[in-house]
1. Report the Cα centroid-to-centroid distance between segment 174-191 and segment 67-103 in angstrom, as an integer.
2. Taking the chain as a Gaussian network, where each spring joins two C-alpha atoms under 10 Å apart, which residue of 44, 315, 361 fluctuates the most?
3. For helix 167-177, report the angle its Cα long axis makes with the longest principal axis of the Cα atoms of the chain; keep it between 0 and 90° and round to the nearest 10°.
4. Of the residues 158, 19, 258, which exhibits the maximal mean-square fluctuation in a Gaussian network model of the chain defined by a 10 Å Cα contact cut-off?
5. For the pair residue 26/residue 148, report the inter-label distance in nm, with labels modelled 7 Å from Cα in the Cβ direction.
6. Angle between the Cα long axis of helix 99-122 and the longest principal axis of the chain, 0 to 90 degrees, nearest 10?
7. Provide Rg and Dmax in Å for segment 16-122, with only Cα atoms included in the calculation.
8. Test of understanding: what is the full-extension gain from residue 206 to residue 76, defined as 0.36 nm times their sequence separation minus their Cα-Cα distance?
């Protein structure tokens, strides 16, 4: 409600405003009472109505002489009122407000302006997005090739007996990559074999060829699914752990301390993790193959009523050592990928908690993408040479 100035008013417990038309071009907002969130605060509706009138003012200012105690509720009201003035292109004069309120309002306005500038900067065209994406891919590829070269140099120092790392660390990482990963590898591999058998049984049952479910599960697990599923599990479990460990060391400046002591971070941190995955991935792959075959056997024996002897004989007849060899070789390559991605993203991590989380996420995503690409290359090569 619009009121004319009637002189000094007594401070009341609950905050309120009075609008005073000083002249045709200025609107005075008198702040009266205690402005606290728990007491309830007025809205900017009355000011909006005045600014929407036929003869709106061009300037809005305040009289805080009767303002009592206040908290963030006053700041919220002033910030909303400033937005209203900005929309109606009215000059917002905060000169008569308390000094603390002016500083807080200025800070809130600065944050809003930065957010607006950031949103404006983010509005870029599709061509720019594509270009930036390709530049990021090229940069990431270059960093990965450089890191891989340094890892190969570290591996060469190991072969020459000049690599410096703690053997106890290697044993701990081997345990974490091997025995500690058996439960999740068992569960996933068993279920994958079960699913493959179900899918095969639905189709083969139409032709009375249920026995060939054993061939399907055995070959699929040995050549593809055993190595692939183990690699994906390890990238999400171990690769992310490597990135988080090394990222936390980066935050705590432990990697810088190693360099100060003359120790290579590649030898001391990356090499044990890479060796552990190269050693344990083939073993986990073989174990995954066996668990998948057991899962398929459960469906073949329990649902298709194939005898244990017939299922085992058909599995051995349908599979060969070459199938296992292909899967084991792929798993070794996948182990290198998981180790390189996890360690690289961890060492590249920034020095904040959010950077460590982003490093772990990036390690998993990068590893899975490379695993799928490498698996596709292996599939093309093996099909081309006929193995």
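1. Computed from Cα coordinates, the inter-centre distance equals 61 Å.
2. Sorting by GNM fluctuation, first place goes to 44.
3. Approximately 90 degrees, to the nearest ten.
4. 19
5. In this crude spin-label approximation the distance works out to 7.3 nm.
6. 40 degrees
7. 14.2, 44
8. In short, 39.7 nm is gained.
Read the figures in this text as sums done on the coordinates, not as results from a lab. These numbers were taken from a predicted model, which means no experiment stands behind them. Backbone-built Cβ (ideal geometry, glycine too); neighbour counts: all protein chains shown.
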